[in-house]
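See below for the structure under consideration.
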Amino acid sequence: MKTIIEPFKIKSIEPIRFTTVEERTAILEEAHYNPFLIHAENVMIDLLTDSGTSAMSAKQWAGIMEGDESYAGARSFFRFEKVVKKLTGMKYIIPTHQGRAAEKIIFSVVGGKGKFIPNNTHFDTTRANVEFSGAVAVDFPTEEGTRPELIADFKGNMNIPALEQFIQEKGAENIPVCFITITNNSGGGQPVSMRNIRETKEVLKRYGIPLYIDACRFAENAFFIKKREEGYANTPVADIVHEMFSYADGCTMSAKKDAIVNMGGFLAMNDEAIASSARNLLIITEGFPTYGGLAGRDLEAIAQGLDEVLDEHYLTYRLRSVEYLGNKLTESGVPILQPPGGHAIYLDAKRFLPAISPDQYPGQSIVVELFRQGGIRSVEIGSVMFGTYRADGSLQSPPMELVRLAIPRRVYTQSHIDYVIEVVIETFERREAMKGYAITYEAPQLRHFTAQFAPL
Ligand SMILES: *Cc1c(COP(=O)(O)O)cnc(C)c1O
(Lines give C-alpha, C1' and ligand atoms only; values in the text may rest on other atoms or scores of the structure.)
Protein backbone atom coordinates (compact mmCIF):
# COMPACT_ATOMS: atom_id res chain seq x y z
CA MET A 1 0.00 0.00 0.00
CA LYS A 2 1.23 3.50 -0.80
CA THR A 3 1.95 5.98 2.03
CA ILE A 4 -1.18 7.73 3.19
CA ILE A 5 -0.43 11.42 2.69
CA GLU A 6 -1.96 14.54 4.24
CA PRO A 7 -4.85 15.25 1.83
CA PHE A 8 -4.09 18.99 1.71
CA LYS A 9 -1.34 21.47 0.89
CA ILE A 10 -0.19 24.15 3.34
CA LYS A 11 -1.13 27.72 2.40
CA SER A 12 -0.38 29.63 5.58
CA ILE A 13 2.04 28.75 8.37
CA GLU A 14 2.62 29.63 12.02
CA PRO A 15 6.22 29.45 13.31
CA ILE A 16 7.08 27.22 16.30
CA ARG A 17 9.18 28.86 19.00
CA PHE A 18 12.00 26.57 20.10
CA THR A 19 12.95 26.32 23.79
CA THR A 20 15.62 24.43 25.77
CA VAL A 21 15.16 21.88 28.56
CA GLU A 22 16.40 24.51 31.08
CA GLU A 23 13.88 27.08 29.85
CA ARG A 24 11.08 24.52 30.02
CA THR A 25 12.00 23.50 33.55
CA ALA A 26 11.52 27.12 34.62
CA ILE A 27 8.29 27.39 32.63
CA LEU A 28 6.92 24.30 34.39
CA GLU A 29 7.71 25.66 37.82
CA GLU A 30 6.04 28.96 37.01
CA ALA A 31 2.93 27.09 35.77
CA HIS A 32 2.75 25.01 38.97
CA TYR A 33 3.24 21.90 36.81
CA ASN A 34 -0.22 22.33 35.28
CA PRO A 35 -0.18 22.29 31.44
CA PHE A 36 -3.30 24.49 31.37
CA LEU A 37 -1.25 27.25 33.04
CA ILE A 38 1.59 27.19 30.47
CA HIS A 39 1.57 30.03 27.94
CA ALA A 40 0.94 28.54 24.49
CA GLU A 41 3.90 30.39 22.92
CA ASN A 42 6.14 28.27 25.17
CA VAL A 43 4.75 25.03 23.73
CA MET A 44 6.45 23.41 20.74
CA ILE A 45 3.94 20.69 19.88
CA ASP A 46 0.55 21.30 21.45
CA LEU A 47 -1.36 18.06 22.02
CA LEU A 48 -3.37 19.43 24.95
CA THR A 49 -6.58 19.02 23.02
CA ASP A 50 -8.07 18.56 19.58
CA SER A 51 -10.78 21.03 20.61
CA GLY A 52 -10.84 24.28 18.67
CA THR A 53 -7.25 23.75 17.56
CA SER A 54 -7.97 22.64 13.99
CA ALA A 55 -6.65 24.33 10.87
CA MET A 56 -9.47 25.69 8.72
CA SER A 57 -9.54 25.25 4.98
CA ALA A 58 -9.35 28.01 2.38
CA LYS A 59 -13.09 27.52 1.81
CA GLN A 60 -13.80 27.95 5.51
CA TRP A 61 -11.76 31.16 5.54
CA ALA A 62 -13.70 32.29 2.50
CA GLY A 63 -16.86 31.59 4.53
CA ILE A 64 -15.50 33.90 7.24
CA MET A 65 -15.63 36.75 4.69
CA GLU A 66 -19.07 35.66 3.48
CA GLY A 67 -20.57 35.70 6.98
CA ASP A 68 -23.85 37.57 7.29
CA GLU A 69 -23.69 39.45 10.59
CA SER A 70 -27.35 40.44 10.76
CA TYR A 71 -28.75 40.14 14.27
CA ALA A 72 -31.81 38.17 13.22
CA GLY A 73 -32.45 35.88 10.28
CA ALA A 74 -28.91 35.97 8.90
CA ARG A 75 -28.27 34.06 5.68
CA SER A 76 -25.37 32.30 7.42
CA PHE A 77 -27.77 30.87 10.00
CA PHE A 78 -29.99 29.38 7.33
CA ARG A 79 -27.00 27.78 5.61
CA PHE A 80 -25.84 26.37 8.96
CA GLU A 81 -29.33 25.16 9.87
CA LYS A 82 -29.77 23.44 6.51
CA VAL A 83 -26.45 21.61 6.81
CA VAL A 84 -27.09 20.49 10.40
CA LYS A 85 -30.66 19.41 9.60
CA LYS A 86 -29.45 17.37 6.67
CA LEU A 87 -26.69 15.80 8.75
CA THR A 88 -28.72 14.96 11.86
CA GLY A 89 -32.24 14.78 10.52
CA MET A 90 -33.32 16.79 13.61
CA LYS A 91 -36.13 19.32 13.46
CA TYR A 92 -34.87 22.05 15.79
CA ILE A 93 -31.32 23.37 15.45
CA ILE A 94 -30.00 25.75 18.10
CA PRO A 95 -26.52 27.28 17.67
CA THR A 96 -24.42 27.73 20.83
CA HIS A 97 -20.95 29.13 21.40
CA GLN A 98 -19.55 25.69 22.22
CA GLY A 99 -20.55 22.19 23.33
CA ARG A 100 -20.83 22.94 27.04
CA ALA A 101 -23.28 25.77 26.36
CA ALA A 102 -25.53 23.24 24.64
CA GLU A 103 -25.08 20.94 27.66
CA LYS A 104 -25.87 23.72 30.13
CA ILE A 105 -29.10 24.47 28.29
CA ILE A 106 -30.33 20.90 27.85
CA PHE A 107 -29.61 19.91 31.46
CA SER A 108 -31.22 23.11 32.72
CA VAL A 109 -34.35 22.04 30.83
CA VAL A 110 -34.45 18.30 31.63
CA GLY A 111 -32.04 17.84 34.58
CA GLY A 112 -32.45 18.82 38.22
CA LYS A 113 -32.51 17.30 41.68
CA GLY A 114 -33.65 13.68 41.88
CA LYS A 115 -32.86 13.02 38.20
CA PHE A 116 -30.29 10.61 36.79
CA ILE A 117 -28.46 11.00 33.46
CA PRO A 118 -26.83 7.84 32.06
CA ASN A 119 -24.07 7.96 29.43
CA ASN A 120 -21.52 5.45 28.11
CA THR A 121 -18.98 7.82 29.66
CA HIS A 122 -19.63 11.46 30.50
CA PHE A 123 -17.06 13.92 29.24
CA ASP A 124 -15.88 16.24 32.05
CA THR A 125 -17.97 19.27 31.03
CA THR A 126 -21.01 17.05 30.47
CA ARG A 127 -20.71 15.56 33.95
CA ALA A 128 -20.17 19.02 35.45
CA ASN A 129 -23.28 20.40 33.73
CA VAL A 130 -25.40 17.42 34.80
CA GLU A 131 -24.23 17.83 38.39
CA PHE A 132 -24.62 21.60 38.31
CA SER A 133 -28.31 21.09 37.47
CA GLY A 134 -28.63 18.93 40.60
CA ALA A 135 -28.92 15.64 38.70
CA VAL A 136 -26.62 12.63 39.04
CA ALA A 137 -24.36 11.60 36.11
CA VAL A 138 -23.87 7.84 35.79
CA ASP A 139 -21.44 6.10 33.42
CA PHE A 140 -22.06 2.73 31.77
CA PRO A 141 -18.87 1.71 29.96
CA THR A 142 -18.57 -1.93 28.96
CA GLU A 143 -16.24 -4.22 30.86
CA GLU A 144 -13.86 -4.40 27.87
CA GLY A 145 -13.94 -0.59 27.64
CA THR A 146 -12.20 -0.35 31.02
CA ARG A 147 -9.33 -2.71 30.11
CA PRO A 148 -6.65 -0.50 28.55
CA GLU A 149 -4.51 -3.29 27.11
CA LEU A 150 -7.35 -5.12 25.38
CA ILE A 151 -7.70 -4.71 21.61
CA ALA A 152 -11.33 -4.65 20.51
CA ASP A 153 -13.26 -2.83 17.79
CA PHE A 154 -15.84 -0.88 19.78
CA LYS A 155 -14.56 -0.23 23.26
CA GLY A 156 -16.62 2.96 23.48
CA ASN A 157 -19.89 1.02 23.64
CA MET A 158 -22.64 1.48 26.21
CA ASN A 159 -23.09 -1.36 28.69
CA ILE A 160 -26.71 -1.97 27.77
CA PRO A 161 -27.61 -4.66 30.37
CA ALA A 162 -26.23 -2.43 33.15
CA LEU A 163 -28.14 0.53 31.73
CA GLU A 164 -31.40 -1.40 31.68
CA GLN A 165 -30.92 -2.64 35.23
CA PHE A 166 -30.28 0.93 36.33
CA ILE A 167 -33.47 2.14 34.66
CA GLN A 168 -35.46 -0.54 36.49
CA GLU A 169 -33.85 0.36 39.82
CA LYS A 170 -34.23 4.13 39.59
CA GLY A 171 -37.45 4.29 37.56
CA ALA A 172 -37.78 5.64 34.03
CA GLU A 173 -39.63 8.70 35.38
CA ASN A 174 -36.38 9.80 37.05
CA ILE A 175 -34.32 9.50 33.87
CA PRO A 176 -35.30 12.38 31.57
CA VAL A 177 -32.69 11.54 28.92
CA CYS A 178 -29.87 9.10 28.22
CA PHE A 179 -26.71 10.23 26.42
CA ILE A 180 -24.30 8.27 24.25
CA THR A 181 -20.93 9.88 23.50
CA ILE A 182 -19.41 9.17 20.09
CA THR A 183 -16.53 8.60 20.03
CA ASN A 184 -16.17 7.93 23.74
CA ASN A 185 -13.66 10.67 24.60
CA SER A 186 -13.13 9.96 28.30
CA GLY A 187 -13.13 6.24 27.52
CA GLY A 188 -10.11 6.66 25.25
CA GLY A 189 -11.54 8.09 22.00
CA GLN A 190 -12.94 4.64 21.31
CA PRO A 191 -15.82 4.23 18.86
CA VAL A 192 -19.36 3.06 19.52
CA SER A 193 -20.83 0.56 17.07
CA MET A 194 -23.99 1.17 15.10
CA ARG A 195 -25.43 -1.93 16.67
CA ASN A 196 -24.78 -0.56 20.16
CA ILE A 197 -26.43 2.79 19.33
CA ARG A 198 -29.42 0.96 17.82
CA GLU A 199 -29.78 -1.43 20.76
CA THR A 200 -29.40 1.36 23.30
CA LYS A 201 -32.24 3.14 21.53
CA GLU A 202 -34.39 -0.02 21.56
CA VAL A 203 -34.04 -0.39 25.33
CA LEU A 204 -34.70 3.30 25.98
CA LYS A 205 -37.74 3.25 23.72
CA ARG A 206 -39.34 0.55 25.86
CA TYR A 207 -39.07 2.87 28.86
CA GLY A 208 -39.99 6.06 26.99
CA ILE A 209 -36.57 7.66 27.61
CA PRO A 210 -35.15 9.84 24.83
CA LEU A 211 -31.63 9.20 23.50
CA TYR A 212 -29.30 12.13 22.90
CA ILE A 213 -25.97 11.82 21.15
CA ASP A 214 -22.94 13.74 22.37
CA ALA A 215 -21.87 14.09 18.77
CA CYS A 216 -18.50 15.89 19.01
CA ARG A 217 -16.66 13.25 16.93
CA PHE A 218 -19.52 11.80 14.92
CA ALA A 219 -17.51 11.62 11.68
CA GLU A 220 -14.57 9.80 13.24
CA ASN A 221 -17.03 7.39 14.87
CA ALA A 222 -18.79 6.84 11.54
CA PHE A 223 -15.51 6.05 9.81
CA PHE A 224 -14.63 3.47 12.47
CA ILE A 225 -18.03 1.87 11.81
CA LYS A 226 -17.24 1.80 8.11
CA LYS A 227 -13.86 0.18 8.71
CA ARG A 228 -14.80 -2.22 11.50
CA GLU A 229 -18.49 -3.07 11.61
CA GLU A 230 -19.90 -5.80 9.46
CA GLY A 231 -22.14 -4.56 6.67
CA TYR A 232 -20.79 -0.99 6.44
CA ALA A 233 -17.60 -1.37 4.36
CA ASN A 234 -19.29 -0.04 1.23
CA THR A 235 -21.65 2.43 2.86
CA PRO A 236 -20.78 6.13 2.29
CA VAL A 237 -19.81 7.85 5.56
CA ALA A 238 -22.66 10.34 5.11
CA ASP A 239 -25.16 7.47 5.13
CA ILE A 240 -23.57 5.97 8.25
CA VAL A 241 -23.87 9.37 9.93
CA HIS A 242 -27.56 9.61 8.98
CA GLU A 243 -28.23 6.17 10.39
CA MET A 244 -26.45 6.96 13.68
CA PHE A 245 -28.52 10.10 14.17
CA SER A 246 -31.73 8.34 13.11
CA TYR A 247 -31.72 6.53 16.48
CA ALA A 248 -31.41 9.78 18.44
CA ASP A 249 -34.01 12.24 19.69
CA GLY A 250 -31.47 15.00 20.06
CA CYS A 251 -27.79 15.83 20.19
CA THR A 252 -25.24 18.19 21.62
CA MET A 253 -22.22 19.10 19.53
CA SER A 254 -18.98 20.90 20.02
CA ALA A 255 -18.13 22.22 16.56
CA LYS A 256 -14.56 22.61 17.86
CA LYS A 257 -14.10 18.91 17.13
CA ASP A 258 -15.58 17.40 13.97
CA ALA A 259 -16.81 20.65 12.47
CA ILE A 260 -13.11 21.64 12.17
CA VAL A 261 -13.56 25.18 13.50
CA ASN A 262 -12.05 27.11 16.38
CA MET A 263 -15.30 27.97 18.16
CA GLY A 264 -18.91 26.89 18.03
CA GLY A 265 -21.46 24.23 18.80
CA PHE A 266 -25.11 23.38 18.67
CA LEU A 267 -28.00 21.66 20.31
CA ALA A 268 -30.55 19.82 18.17
CA MET A 269 -33.70 17.88 18.94
CA ASN A 270 -37.05 16.70 17.63
CA ASP A 271 -39.18 17.62 20.65
CA GLU A 272 -40.88 20.97 20.16
CA ALA A 273 -41.53 21.67 23.85
CA ILE A 274 -37.89 21.04 24.79
CA ALA A 275 -36.74 23.15 21.84
CA SER A 276 -38.93 26.00 22.98
CA SER A 277 -37.62 25.93 26.58
CA ALA A 278 -34.07 25.62 25.24
CA ARG A 279 -34.53 28.69 23.01
CA ASN A 280 -35.80 30.71 25.97
CA LEU A 281 -32.65 29.87 27.92
CA LEU A 282 -30.54 30.50 24.83
CA ILE A 283 -31.80 34.06 24.61
CA ILE A 284 -30.81 34.72 28.23
CA THR A 285 -27.35 33.17 28.10
CA GLU A 286 -26.20 32.86 24.47
CA GLY A 287 -28.16 35.10 22.13
CA PHE A 288 -31.01 35.27 19.65
CA PRO A 289 -31.90 31.83 18.19
CA THR A 290 -30.47 32.57 14.75
CA TYR A 291 -26.95 33.16 16.07
CA GLY A 292 -26.67 31.54 19.51
CA GLY A 293 -23.32 32.63 20.88
CA LEU A 294 -21.79 32.88 17.43
CA ALA A 295 -20.98 35.39 14.72
CA GLY A 296 -22.47 34.79 11.27
CA ARG A 297 -18.98 34.01 9.97
CA ASP A 298 -18.61 31.23 12.56
CA LEU A 299 -21.85 29.66 11.34
CA GLU A 300 -20.49 29.73 7.76
CA ALA A 301 -17.23 28.05 8.80
CA ILE A 302 -19.11 25.35 10.74
CA ALA A 303 -21.41 24.62 7.80
CA GLN A 304 -18.39 24.25 5.51
CA GLY A 305 -16.44 22.17 8.07
CA LEU A 306 -19.33 19.75 8.55
CA ASP A 307 -19.19 19.10 4.83
CA GLU A 308 -15.40 18.66 4.68
CA VAL A 309 -15.25 16.29 7.65
CA LEU A 310 -17.23 13.66 5.72
CA ASP A 311 -14.54 13.44 3.03
CA GLU A 312 -13.16 9.91 3.21
CA HIS A 313 -9.64 10.94 2.17
CA TYR A 314 -9.65 13.29 5.15
CA LEU A 315 -10.97 10.60 7.51
CA THR A 316 -8.47 8.03 6.22
CA TYR A 317 -5.60 10.44 6.90
CA ARG A 318 -7.10 11.47 10.24
CA LEU A 319 -7.45 8.00 11.71
CA ARG A 320 -4.21 6.81 10.12
CA SER A 321 -2.08 9.58 11.62
CA VAL A 322 -3.36 8.75 15.11
CA GLU A 323 -2.87 5.03 14.52
CA TYR A 324 0.70 5.65 13.24
CA LEU A 325 1.61 7.38 16.49
CA GLY A 326 0.01 4.59 18.52
CA ASN A 327 1.67 1.78 16.61
CA LYS A 328 5.17 3.30 16.79
CA LEU A 329 4.85 3.74 20.56
CA THR A 330 3.53 0.20 20.98
CA GLU A 331 6.44 -1.20 18.95
CA SER A 332 8.83 0.46 21.41
CA GLY A 333 7.04 -1.00 24.42
CA VAL A 334 5.33 2.21 25.55
CA PRO A 335 2.02 1.16 27.17
CA ILE A 336 -0.95 2.85 25.52
CA LEU A 337 -4.67 2.37 25.67
CA GLN A 338 -5.39 -0.09 22.88
CA PRO A 339 -6.37 0.16 20.13
CA PRO A 340 -5.51 3.76 19.03
CA GLY A 341 -8.58 6.01 19.25
CA GLY A 342 -9.93 8.48 16.71
CA HIS A 343 -8.49 11.76 17.92
CA ALA A 344 -5.83 10.86 20.43
CA ILE A 345 -3.38 8.38 21.85
CA TYR A 346 -3.72 7.72 25.55
CA LEU A 347 -0.61 6.65 27.42
CA ASP A 348 -1.44 4.14 30.15
CA ALA A 349 0.13 5.80 33.16
CA LYS A 350 -0.51 2.85 35.48
CA ARG A 351 1.73 0.60 33.38
CA PHE A 352 4.12 3.44 32.40
CA LEU A 353 4.82 4.32 36.06
CA PRO A 354 3.70 1.32 38.13
CA ALA A 355 5.63 2.51 41.20
CA ILE A 356 3.64 5.76 41.49
CA SER A 357 0.24 5.25 43.11
CA PRO A 358 -2.88 7.04 41.79
CA ASP A 359 -2.91 9.48 44.72
CA GLN A 360 0.52 10.66 43.56
CA TYR A 361 -0.83 11.30 40.08
CA PRO A 362 1.39 9.22 37.74
CA GLY A 363 -0.30 10.77 34.68
CA GLN A 364 0.65 14.27 35.81
CA SER A 365 4.25 13.12 36.18
CA ILE A 366 4.28 11.99 32.53
CA VAL A 367 2.65 15.24 31.37
CA VAL A 368 5.38 17.23 33.12
CA GLU A 369 8.23 15.14 31.67
CA LEU A 370 6.93 15.25 28.08
CA PHE A 371 6.94 19.01 28.32
CA ARG A 372 10.34 19.19 29.97
CA GLN A 373 11.99 16.79 27.50
CA GLY A 374 10.36 17.92 24.27
CA GLY A 375 8.11 20.94 24.75
CA ILE A 376 5.10 18.70 24.12
CA ARG A 377 1.90 19.66 25.92
CA SER A 378 -0.44 16.80 26.86
CA VAL A 379 -3.09 16.34 29.53
CA GLU A 380 -3.76 13.93 32.38
CA ILE A 381 -7.06 12.06 32.20
CA GLY A 382 -7.15 10.13 35.42
CA SER A 383 -7.14 10.95 39.11
CA VAL A 384 -6.42 14.65 38.53
CA MET A 385 -9.34 15.11 36.14
CA PHE A 386 -11.85 12.68 37.64
CA GLY A 387 -10.65 12.00 41.18
CA THR A 388 -13.09 12.73 44.01
CA TYR A 389 -12.69 12.51 47.76
CA ARG A 390 -14.33 9.97 50.05
CA ALA A 391 -15.82 11.08 53.38
CA ASP A 392 -12.52 10.24 55.10
CA GLY A 393 -10.62 12.52 52.72
CA SER A 394 -8.93 9.72 50.78
CA LEU A 395 -8.84 9.88 46.99
CA GLN A 396 -11.41 7.94 44.97
CA SER A 397 -9.72 7.29 41.62
CA PRO A 398 -11.32 6.54 38.26
CA PRO A 399 -10.63 3.10 36.72
CA MET A 400 -7.86 4.34 34.41
CA GLU A 401 -4.87 6.67 34.75
CA LEU A 402 -4.23 8.08 31.28
CA VAL A 403 -2.26 10.81 29.54
CA ARG A 404 -3.90 12.07 26.39
CA LEU A 405 -1.94 13.12 23.33
CA ALA A 406 -4.73 14.73 21.32
CA ILE A 407 -4.02 15.42 17.67
CA PRO A 408 -5.35 18.72 16.29
CA ARG A 409 -7.03 18.32 12.90
CA ARG A 410 -4.89 19.22 9.84
CA VAL A 411 -2.24 21.03 11.95
CA TYR A 412 0.80 18.78 12.34
CA THR A 413 2.63 16.81 9.66
CA GLN A 414 4.16 13.38 9.88
CA SER A 415 7.58 14.76 10.93
CA HIS A 416 5.95 16.51 13.89
CA ILE A 417 4.41 13.18 14.86
CA ASP A 418 7.80 11.44 14.43
CA TYR A 419 9.29 13.99 16.84
CA VAL A 420 6.52 13.26 19.36
CA ILE A 421 7.26 9.54 19.06
CA GLU A 422 10.97 10.17 19.83
CA VAL A 423 10.21 12.30 22.87
CA VAL A 424 7.70 9.83 24.33
CA ILE A 425 10.11 6.92 23.85
CA GLU A 426 12.99 8.86 25.45
CA THR A 427 10.77 9.78 28.39
CA PHE A 428 9.69 6.16 28.76
CA GLU A 429 13.32 5.05 28.85
CA ARG A 430 13.99 7.47 31.73
CA ARG A 431 10.85 6.53 33.68
CA GLU A 432 12.72 5.08 36.68
CA ALA A 433 13.81 8.58 37.68
CA MET A 434 10.28 10.05 37.55
CA LYS A 435 8.47 11.13 40.73
CA GLY A 436 4.86 11.60 41.79
CA TYR A 437 3.07 14.91 42.40
CA ALA A 438 0.90 16.42 45.13
CA ILE A 439 -1.93 18.89 44.55
CA THR A 440 -1.31 22.13 46.45
CA TYR A 441 -4.37 24.05 45.24
CA GLU A 442 -7.66 22.93 43.67
CA ALA A 443 -11.07 24.37 42.76
CA PRO A 444 -14.30 22.57 43.76
CA GLN A 445 -15.30 21.81 40.14
CA LEU A 446 -13.25 20.84 37.06
CA ARG A 447 -10.17 21.08 39.23
CA HIS A 448 -7.69 20.01 36.53
CA PHE A 449 -8.01 23.37 34.74
CA THR A 450 -6.61 25.45 37.61
CA ALA A 451 -4.98 23.00 40.04
CA GLN A 452 -1.44 23.63 41.22
CA PHE A 453 1.05 20.83 41.82
CA ALA A 454 4.37 20.21 43.54
CA PRO A 455 6.81 17.36 42.85
CA LEU A 456 7.16 14.83 45.68
C1 LIG B 1 -15.28 18.79 23.92
C2 LIG B 1 -16.38 17.95 24.37
C3 LIG B 1 -17.50 18.49 24.97
C4 LIG B 1 -17.63 19.96 25.32
O5 LIG B 1 -17.49 20.81 24.25
P6 LIG B 1 -16.83 22.27 24.39
O7 LIG B 1 -16.97 22.84 23.03
O8 LIG B 1 -15.42 22.09 24.83
O9 LIG B 1 -17.63 23.01 25.40
C10 LIG B 1 -18.52 17.62 25.31
N11 LIG B 1 -18.43 16.31 25.09
C12 LIG B 1 -17.35 15.74 24.51
C13 LIG B 1 -17.31 14.28 24.26
C14 LIG B 1 -16.29 16.54 24.13
O15 LIG B 1 -15.22 15.98 23.57
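Structure notes:
- Couplings 3J(HN,Hα) of the range 445-456, computed from phi: 10, 6, 4, 4, 5, 10, 4, 10, 10, 9, x, 8 Hz, in residue order, whole Hz [Karplus 6.51 cos²θ - 1.76 cosθ + 1.60, θ = phi - 60°; x for Gly and Pro].
- Solvent-accessible area assigned to carbon and sulfur over the chain amounts to 52 percent, based on a 1.4 Å probe.
- Loop-located GluC sites (Glu not before Pro) in the range 18-112, at most 14 other Cβ atoms within 10 Å (DSSP): 69
- Candidates per trypsin sites (Lys or Arg not before Pro) in the range 3-57, loop by DSSP, up to 13 other Cβ within 10 Å: 9, 11, 17
- When the GluC sites (Glu not before Pro) in the range 193-266 are filtered for DSSP coil states and for at most 13 other beta-carbon atoms within 10 Å of their beta-carbon, the remaining sites are 230.
- Prolate/oblate/rounded label for the range 186-333 (Cα gyration tensor, a/c 1.5): oblate
- Here the gap between residue 195 and residue 389, fully extended at 0.36 nm per residue and compared with their Cα-Cα distance, gives a gain of 66.2 nm.
- Zone of residue 132's modelled label, taken as backbone nitrogen in the range 90-104 under 17 Å from a point 7 Å along Cα→Cβ: 96-104
- Gain in span if fully extended, residue 174 to residue 66, counting 0.36 nm per residue against the direct Cα distance: 34.3 nm
- When both bridge partners sit in the range 176-296, DSSP labels roughly 45% of those beta bridges antiparallel.
- Extension gain, residue 313 back to residue 17 (0.36 nm per residue minus Cα-Cα distance, nm): 103.5 nm
- Counting only Cβ charges, +1 for Lys and Arg and -1 for Asp and Glu, the dipole size of the chain around its Cα centre is about 620 debye.
- Computed from backbone phi, the HN-Hα couplings of the range 261-271 come to 10, 8, 7, x, x, 7, 10, 9, 6, 9, 7 Hz, rounded to whole numbers (Karplus: 6.51 cos²θ - 1.76 cosθ + 1.60, θ = phi - 60°; Gly and Pro given as x).
- Each of the chymotrypsin sites (Phe, Trp or Tyr not before Pro) that DSSP puts in a loop and that has at most 15 other Cβ atoms within 10 Å breaks the chain; the longest unbroken stretch is 72-456.
- In order along the range 328-333, the phi-based Karplus estimate (6.51 cos²θ - 1.76 cosθ + 1.60, θ = phi - 60°) of 3J(HN,Hα) comes to 5, 5, 4, 4, 8, x Hz; Gly and Pro are listed as x.
- For the chain, the spread of Cα positions along the three principal axes, ordered from largest to smallest, is 59, 55, 45 Å.
- When the charge dipole of the chain is built from unit charges on Cβ atoms (+1 for Lys and Arg, -1 for Asp and Glu) and taken about the Cα centre, the candidate among 371, 92, 416 whose Cα reaches farthest toward its positive end is 92.
- Counting DSSP beta bridges with both ends in the chain, the antiparallel % (nearest 5): 70 percent
- Debye, to nearest 20: dipole size of the range 70-185, +1 on Lys, Arg Cβ, -1 on Asp, Glu Cβ: 860 debye
- Based on alpha carbons, the Rg and Dmax found for the range 58-308 are 17.5, 54 Å.
- Cα centre as origin, Lys/Arg/Asp/Glu Cβ charges: the range 109-259 dipole, Debye: 240 debye
- Over the chain: helical MRE at 222 nm, DSSP H runs n ≥ 4 each giving -39500 (n - 2.57), nearest 500: -12500 deg cm²/dmol
- Under 5 Å from the amide H of residue 214 lie the amide H atoms of 180, 181, 182, 252, each residue being 5 or more positions distant or on a separate chain, with H modelled from the backbone and absent for Pro and chain starts.
The values are calculated or read from the model by the stated rules, or taken from the named source; none is laboratory data. As the structure is a computational prediction, the values presented were derived from the model and not from experiment. FYI the Cβ positions are ideal-geometry reconstructions off the backbone, even for glycines, and counts take in every protein chain you see. Ligands, DNA and RNA are stripped out before the accessible areas are found, and what is left, the full protein with its side chains, is counted by its heavy atoms. Shrake-Rupley method; radii C 1.70, N 1.55, O 1.52, S 1.80 Å.
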